[in-house]
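Here's the structure we're looking at; comments come further down.
The values are calculated or read from the model by the stated rules, or taken from the named source; none is laboratory data. Everything numeric in this text was worked out from a predicted model, so none of it was measured. Positions of Cβ are generated from backbone atoms using ideal geometry, with glycine treated the same way; all protein chains shown enter the neighbour counts.
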Amino acid sequence: MEKYEIVIGLEVHAELLTESKMFCGCSTRFGSRPNSQICPVCTGLPGTLPVVNIKAIELALKAVVALNCKPSAFSRFARKHYFYPDLPKNYQISQYEEPLAAEGYLQIDGRNIRLKRIHMEEDAGKLVHSLEEGSFSFVDLNRSSVPLIEIVTEPDIRSSSEAENFLINLKRILEYLEVSDCNMEEGSLRCDANISVRREGDNILGVKTEIKNMNSFKSVRKALDYETRRQISLLKKGGELSQETRLWNEDLQITEGMRTKEEAHDYRYFPEPDLVPFAIDESLMEKITAQVGELPTQRKGRFMEEYRLQEYDAEIMTSRKETADYFEKCAAACSKPKIIANWIMGDLAALLKSNKISIEDSPVKPENLVRIVMMLEDGKITGNIAKTVLQESFRTGKSPETIVSERNLVQIENEEIINSIIKETVAENSRAVQDYRNGKEQAVSYLIGQIMRKTKGQANPALLRKNLLDYLNKL
């Protein structure tokens, strides 16, 4: 039976985190009223001239450094011609023969996925389709000329899961460096996939298909899996594949033909006459390299070594730069990094999520989280009280010490008080006592729960359990 190998290359578009557009001063803010963030430049009116956004170039160069690419000594913008209703100039300012950088790689599971190029371009507008009877389409040009980079891989990817893993790691880097917010729902990260199949052992690439309209990494994986099955099935039946662009239909979970695939000459590229070429000097690259600093994978490894975190914990702690920074501020003031990580991943994360707040805006500052953990570790408060203090600190911004003092939440260590409550609780729960005598250990947990209610969670858990067992065994 013939076996087939799949060959995948990705084209990833990431909008850059600038406040203004690529060639004009219009805002890039998402979600504004349609066509409220446009001007004669980004709508392509005659007589206008573009001006390059330097911040966009600097952000793009961060990606160049992080992805191990070689910046071009000489770079130039070009016009890419095609007609579409959301492209007001009938051409897109992009890069072709002289891109920003080339020959990079991103390591995935110990293997380098080569990057062919990173180039800059402006985004197109957006069509908004009416679903009413007699449907029609609106054109919203707010997105027109938003700066983006296109990251093009070599055909090095060999499975849909590897493609998904590549995208997850790429997204993590771009977010971490604040190059892009990578919000796929808002269209700031988009991916097209080129896929072909060939008989195992062949060196010649097969006829490729480009897949578009994938709005999540899961969709990328599903679309590639479907297209693999479709192409192999067609070849086994003796059919021929055509080079084409296909759309992923999320509802039907299939790819559908859209148009024949364009070649570079179809776009009639030529140098953009209104923009001068530019060179990247060494001093700028030194500045950008310093800004990039430690990448997520490197920081994860350091967290595992320096703070003795397990791989999973280190992965979560370095998933976002803000999370890693918050953790390190805590770890610098606390000798219990694992416990700090647990609180960040657990109770603090839950509060942030329910209140839709990012960790960099957390009302609980790193020093206050450390104080809660240290009070718990020193036996001044119980675990339940620590959770209460965290919630109150999150709500009010008050220091843990103030909350404990105001609400009298100090842990009860006095054995006379604890023993008195034990006797009272045991007298009130004769059935639980009998269950314990009959060998039911869960009866102890029930009695501890009753005592904790009476003490409002303030009794020292270890002391309470020891004294309760001593008392029950003497009855």
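Only one of the numbered conditions (1) charged (D, E, K, R); (2) at pLDDT below 95; (3) touching a helix residue (DSSP H, G or I) at 6+ places or on another chain (Cβ under 8 Å) is not met by Asp378, and that is (3).
If you go through the range 275-290 and keep only what is exposed (fewer than 14 other Cβ atoms within 10 Å of the Cβ), in contact (Cβ under 8 Å) with a residue 24 or more places away in the chain and in contact with a Lys or Arg (Cβ under 9 Å, 6 or more places away or on another chain), you end up with just Pro277. Within the range 339-387, being of a type in the set (A, V, I, L, M), free of Cβ contacts under 8 Å to residues at least 12 places away in the same chain and surrounded by fewer than 18 Cβ atoms within 10 Å (Cβ to Cβ) holds for Ala349, Ala350, Ile357.
From the set of residues in the range 126-146 that are touching a strand residue (DSSP E or B) at 6+ places or on another chain (Cβ under 6 Å) and part of a loop (DSSP other than H, G, I, E, B), which is surrounded by the fewest Cβ atoms within 10 Å (Cβ to Cβ)? Only one residue fits best here, namely Arg143.
Assessment of the range 416-437 against the conditions (within 50 Å of the chain's Cα centre (by Cα), of a type in the set (D, E, K, R) and more than 24 Å from Ser335 (Cβ to Cβ)) yields no matching residue. With respect to the conditions (1) modelled with pLDDT under 90; (2) of a type in the set (S, T, N, Q); (3) at negative phi, Gln231 lacks only one, and its number is (1). Residue pairs whose Cβ atoms lie under 7 Å apart, separated by 6 or more positions or on different chains, with the first residue in the range 14-29 and in a loop (DSSP other than H, G, I, E, B) and the second acidic (Asp, Glu), are Leu17/Glu178; Leu17/Asp181; Met22/Glu122; Phe23/Glu122; Thr28/Glu19.
Number of residues in the range 364-397 that are assigned to a helix (DSSP H, G or I) and within 26 Å of Glu328 (Cβ to Cβ): the value is 23.
Kindly check whether there is at least one residue in the range 316-336 that is free of Cβ contacts under 8 Å to residues at least 12 places away in the same chain, under 27 Å from Ala459 (Cβ atoms) and polar (S, T, N, Q). Looking for residues that are free of Cβ contacts under 8 Å to residues at least 12 places away in the same chain, under 27 Å from Ala459 (Cβ atoms) and polar (S, T, N, Q), one finds at least one in the range 316-336, hence yes.
No other residue among Leu252, Leu235 is of a type outside the set (Ser, Thr, Tyr), assigned to a loop (DSSP other than H, G, I, E, B) and assigned by TED's automatic domain parsing to the domain that holds Leu170 apart from Leu252.
In summary, Ser196 fulfils each of the numbered conditions (1) surrounded by 15 or more Cβ atoms within 10 Å (Cβ to Cβ); (2) more than 27 Å from the chain's Cα centre (by Cα); (3) not in a strand (DSSP E or B) with the single exception of condition (3).
For the range 147-182, the set of residues classified as polar (S, T, N, Q), in contact with a Lys or Arg (Cβ under 8 Å, 6 or more places away or on another chain) and assigned to a helix (DSSP H, G or I) consists of Ser160, Ser161, listed by residue number. For the range 326-363, taking the residues that are among the charged types (D, E, K, R) and assigned to a helix (DSSP H, G or I), the one that is farthest from Arg302 (Cα to Cα) is identified as Lys353. Please indicate, with yes or no, whether at least one residue in the range 74-83 is closer than 24 Å to Asp140 by Cβ, surrounded by fewer than 19 Cβ atoms within 10 Å (Cβ to Cβ) and in contact (Cβ under 8 Å) with a residue 12 or more places away in the chain. Within the range 74-83, one or more residues are closer than 24 Å to Asp140 by Cβ, surrounded by fewer than 19 Cβ atoms within 10 Å (Cβ to Cβ) and in contact (Cβ under 8 Å) with a residue 12 or more places away in the chain.
Candidates are the residues of the range 30-68 that are within 19 Å of Leu177 (Cα to Cα) and charged (D, E, K, R); the one that is surrounded by the most Cβ atoms within 10 Å (Cβ to Cβ) is Lys62. Counting only helices (runs of 4 or more DSSP H) wholly contained in the range 398-475, the ones carrying 3 or more residues that are out of contact with any Asp or Glu (no Cβ under 6 Å at 6 or more places or on another chain) and surrounded by 17 or more Cβ atoms within 10 Å (Cβ to Cβ) occupy 415-428, 430-437, 442-454, 461-474. Checking each residue in the range 96-117 for being in a loop (DSSP other than H, G, I, E, B) and surrounded by fewer than 18 Cβ atoms within 10 Å (Cβ to Cβ) picks out Glu97, Glu98, Asp109, Gly110. In summary, Leu87 fulfils each of the numbered conditions (1) crowded, with 19+ Cβ neighbours inside 10 Å; (2) part of a loop (DSSP other than H, G, I, E, B); (3) in contact with a Leu (Cβ under 9 Å, 6 or more places away or on another chain) with the single exception of condition (3).
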